[in-house]
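For reference, the structure discussed in these notes is given below.
The values are calculated or read from the model by the stated rules, or taken from the named source; none is laboratory data. Quick caveat: nothing in here was measured; it's all calculated off a predicted structure. For neighbour counting, all protein chains shown are included, and Cβ atoms are generated from backbone atoms with ideal geometry for every residue, glycine included. Note: areas computed on protein heavy atoms with side chains; ligands, DNA, RNA excluded. Shrake-Rupley method; radii C 1.70, N 1.55, O 1.52, S 1.80 Å.
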Amino acid sequence: MTTEEHVVLVDRAGRALGTAPKTSVHGRETPLHLAFSSYVFDGEGRVLLTKRADHKITWPGVWTNSCCGHPMPGEALDHAVVRRLSYELGLVAERADLLLPDFSYRAVMANGIVEHELCPVYRVLVDAPVAPNPDEVGETWWMPWKEFADAARNGLLAISPWCREQVPLLIELGSDPLTWTPASLDELPPAARP
């Protein structure tokens with residue numbers, strides 16, 4: 001028997017307000033909830049882009065960063081990143097480095113469905129082949145970071161709204177994603193702190 005996945009609801013200050021079933025929070029009145037985004041890089045500094053599966057509720061068939069998801073109540077965000085990378089992409093990661101501790105966004109699809117997330121951003125380094133889960137990922141694409149960042153920044157590549165907002169912030173960390181300095185865990189919102 002599987003139990004329904006829950007997300008952590010948060011206030012604007014990042015404090016936990018409770019939980020709700022994941023299936024109930026992505027609609028026209030999506031409450032602010034805790035999530036994460038991750039960017040997977042290989043040893044050459046290429047970023048792994050993923051195309052969201054066509055049956056996803058939010059932004060189906062859209063190119064985005066490597067992996068996004070929600071921590072389970074009480075789960076550390078870096079553990080959630082590693083868990084979802086294994087599930088969505090078949091990747092085994094040793095760790096996830098926190099980059100943007102307080103990123104948040106709200107985006108509305110043409111059909112009115114809203115994403116509204118407090119969404120810290122992580123970097124993961126891997127040296128392994130990708131095995132995408134078709135329930136989550138339609139396609140994958142390894143792209144040199146500079147090429148991707150330039151295309152995203154200049155609107156030459158159609159990507160998810162959260163990825164479009166994150167890329168300029170990541171560019172500010174430096175030109176080489178392999179040398180970005182991780183943020184302190186103390187900078188995470190209260191609901192996301194270990």
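Extension gain, L156 to K56, is 33.6 nm, computed as 0.36 nm per intervening residue step minus the present C-alpha separation.
Taking Lys and Arg as +1 and Asp and Glu as -1, the other residues whose beta-carbon sits under 14 Å from that of P21 total -1. Between T179 and L125, the contour length at 0.36 nm per residue exceeds the Cα-Cα span by 18.3 nm. Modelled spin labels at E5 and E139, positioned 7 Å past Cα toward Cβ, are 2.4 nm from each other. Using a probe of 1.4 Å on the protein chains alone, the accessible area found for Y87 is around 110 Å². Under the combined filter of DSSP loop state and at most 11 neighbouring Cβ atoms within 10 Å, segment 13-49 retains these trypsin sites (Lys or Arg not before Pro): R15, R28.
Computed with a 1.4 Å probe over protein heavy atoms only, the accessible area of S104 comes to about 60 Å². Of W142, W63, W162, the residue with the largest accessible area leads and the full order is W142, W63, W162 (1.4 Å probe). A full extension of the chain between L17 and N111 corresponds to an added length of 31.1 nm, given 0.36 nm per residue minus the alpha carbon distance. Accessible area per residue (1.4 Å probe, heavy atoms of protein chains only) ranks M143, M72, M109 as M72, M109, M143, with the largest value leading. Dipole magnitude for segment 1-58: about 160 debye, using +1 per Lys or Arg Cβ and -1 per Asp or Glu Cβ, origin at the Cα centre. Is the shape of segment 107-146 best called rounded, prolate or oblate, per the rule: a/c under 1.5 gives rounded, else a/b larger than b/c gives prolate, else oblate, with a ≥ b ≥ c the square roots of the Cα gyration tensor eigenvalues? Here segment 107-146 falls in the prolate category.
Could you tell me what percent of the accessible area of segment 1-100 is made up of carbon and sulfur, with a 1.4 Å probe and every protein chain present? In segment 1-100, the share of accessible area belonging to carbon and sulfur is 51 percent. Pair-distance distribution P(r) for segment 1-77, from all Cα-Cα distances in 10 Å bins starting at 0: 16, 40, 34, 10, 0 percent. Which lysines have a Cα lying under 24 Å from the Cα of K22, excluding residues fewer than 8 positions away in the same chain? Straight-line reach from K22, under 24 Å: K51, K56. Think of each Lys and Arg Cβ as +1 and each Asp and Glu Cβ as -1; about the Cα centre, that makes the dipole of segment 128-194 roughly 100 debye. Count Lys and Arg as plus one, Asp and Glu as minus one, and take only other residues whose Cβ is under 10 Å from that of L32; the net charge is then 0. In the context of the full set of protein chains, residues of the chain present 49 Å² of accessible surface per residue (probe radius 1.4 Å, heavy atoms only).
For the chain, the Kirkwood estimate of the hydrodynamic radius, built from every pair of different alpha carbons, is 16.8 Å. What you get for segment 27-169, charging only the Cβ of Lys and Arg (+1) and of Asp and Glu (-1), is a dipole of about 280 debye around the Cα centre.
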